[in-house]
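Shown next, in structure tokens, is the structure this report addresses.
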Amino acid sequence: MSLRDALAVPAREITDEAVYRERRRLLAAFAALPALGLAGCADADPPPAPKTAITPAQAASGFRTSETLTRYEDVTSYNNYYEYGTGKADPGRAPKLLRVKPWTVAVGGACAKPGKLALEDLIKGLTPQERIYRLRCVEGWSMVIPWLGVPLGDVLKRFEPTSKAKYVAFTTLSDPKQMPGLAYPALDWPYREGLRIDEAMNPLTLLATGLYGKPLPQQNGAPLRLVVPWKYGFKSIKSIVAITFVERMPFTSWNDAQASEYGFFSNVNPNVDHPRWTQKTERRIAGTASKLFAERIPTRLYNGYADQVASMYAGMDLKRWF
Ligand SMILES: Nc1nc2c(c(=O)[nH]1)N[C@H]1C(S)=C(S)[C@@H](COP(=O)(O)O)O[C@H]1N2
Ligand SMILES: [Mo]
């Protein structure tokens, strides 16, 4: 039995997913119609792989890409979530182990209005937006994922950060009863990450609550995870229970584990190799049922989001501050 069979999603989900893709395909087809004109319809090729239609404004914002989406079953079965083990299939155990309701997030530190809030209250009044982002793991693979979420900045503003809030620190739940991987010292638990305040406030930075139009699965960091699309995937911390405004660059688990390999910034950069492998190319997980990885493609500076984020690093030596 293949790994994917072993982790097979219920038939109901596959149907949802098929419907979602078909809707996407139709939208893309409709969007393409005017361009076909009178000479259209000469093409006898089979329908193209589902792609998302995007407007020029959406493309300029970076909020969406028209690249082929990674399949739902791959997004939810090829994961990194070391609290469940270091294997890609290990996080598949999370749905049975991680209770995501009720969920509380403590927001504090350098802000005028700290508080401990139920997740529903944390994001109250903010409408989840769909963001289709590339996700580039430091290991050299990538996906294209349709997230649902709210801009992190919209949430942070509510707590009125003070002028001392130069960075934002994030903490994942650490409950050995729900997370068997915590028994092993793979990282210094709880998993922690951080952003500079301007990075946290950038419109691209998302607090995700779902993907593919559905609630976030546990293996992807339910019920609340960060998505920072221009940084290596490990910055996108899962299952967040605490957000803290701090004055100094915070402790982060991967930087602590190996500072020479995982910098605090970890902006995707094909010109700065990982000490043990190249970062010039990546394998896109855009595969079919028989082939998980597509061919290698070039990795882009800031994961292709330079227009939206490069100004934050103007004048910074990206080799030193990797
Ligand atoms: N708490 C926590 N967050 C985490 C990780 C983890 O092990 N624990 N892995 C990171 C890594 S290395 C990547 S590539 C992404 C993977 O997200 P995905 O499984 O939803 O694709 O989650 C990141 N967030
Ligand atoms: Mo990663």
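Scanning segment 217-238 for residues that are outside any loop (DSSP other than H, G, I, E, B) and not small (Gly, Ala, Ser) yields a count of 9. Of the residues making up segment 217-242, those that are more than 16 Å from ligand 2 (Cβ to nearest atom) and open to solvent by less than 10 Å² (accessible area, probe 1.4 Å) number 3.
Within segment 151-205, the set of residues being outside any strand (DSSP E or B) and of a type in the set (Phe, Trp, Tyr) comprises PHE159, TYR184, TRP189, TYR191. When the test is whether a residue is closer than 20 Å to GLU139 by Cβ and not hydroxyl-bearing (Ser, Thr, Tyr), ARG196 does not pass it.
Restricting attention to segment 243-270, the residues that are assigned to a strand (DSSP E or B) and open to solvent by less than 20 Å² (accessible area, probe 1.4 Å) add up to 3. Quick check on my filter: what residues within segment 117-144 are part of a strand (DSSP E or B) and under 12 Å from the mean Cα position of the chain (by Cα)? ARG131, ILE132, TYR133, ARG134, LEU135, ARG136, SER142, MET143, VAL144, listed by residue number.
For ARG284, state whether it is among the basic types (Lys, Arg) and open to solvent by 80 Å² or more (accessible area, probe 1.4 Å). In short, no. I'd like the full set of residues that are away from ligand 2 (no atom under 14 Å from the Cβ) and either of a type in the set (Lys, Arg) or more than 13 Å from TRP189 (Cα to Cα) (or both), limited to segment 243-262. Passing the criteria: ILE243, THR244, PHE245, VAL246, GLU247, ARG248, MET249, PRO250, ALA259, SER260. Out of GLU160, GLU130, GLU120, one residue alone is more than 16 Å from ligand 2 (Cβ to nearest atom), within 21 Å of PRO250 (Cα to Cα) and open to solvent by 10 Å² or more (accessible area, probe 1.4 Å). It is GLU160. Residues that are within 16 Å of ligand 2 (Cβ to nearest atom), of a type in the set (D, E, K, R) and modelled with pLDDT of 95 or more: does segment 165-182 have at least one? No, because not a single residue in segment 165-182 is within 16 Å of ligand 2 (Cβ to nearest atom), of a type in the set (D, E, K, R) and modelled with pLDDT of 95 or more. For segment 266-284, does any single residue satisfy the condition of being under 20 Å from ASP188 (Cα atoms) and touching a Phe, Trp or Tyr at 6+ places or on another chain (Cβ under 8 Å)? Within segment 266-284, one or more residues are under 20 Å from ASP188 (Cα atoms) and touching a Phe, Trp or Tyr at 6+ places or on another chain (Cβ under 8 Å). Can you tell me which residue is farthest from ligand 1 (Cβ to nearest atom) among those in segment 78-108 that are in a loop (DSSP other than H, G, I, E, B) and polar (S, T, N, Q)? The residue in question is THR86. Just so you know, in segment 51-77 the residues that are near ligand 1 (Cβ under 10 Å from one of its atoms) and farther than 25 Å from PRO176 by Cβ include one that is surrounded by the most Cβ atoms within 10 Å (Cβ to Cβ), and it is THR70. Going through (1) more than 16 Å from ligand 2 (Cβ to nearest atom); (2) in contact with a strand residue (DSSP E or B) (Cβ under 8 Å, 6 or more places away or on another chain) one by one, ARG283 falls short only on (1).
The values are calculated or read from the model by the stated rules, or taken from the named source; none is laboratory data. This is a predicted model, so every value here is computed, not measured. Cβ sites come from the backbone with ideal geometry, for glycine too, and all protein chains shown count toward neighbours. We work out accessible area using only protein heavy atoms, side chains counted, and drop any ligands, DNA or RNA first. Shrake-Rupley method; radii C 1.70, N 1.55, O 1.52, S 1.80 Å.
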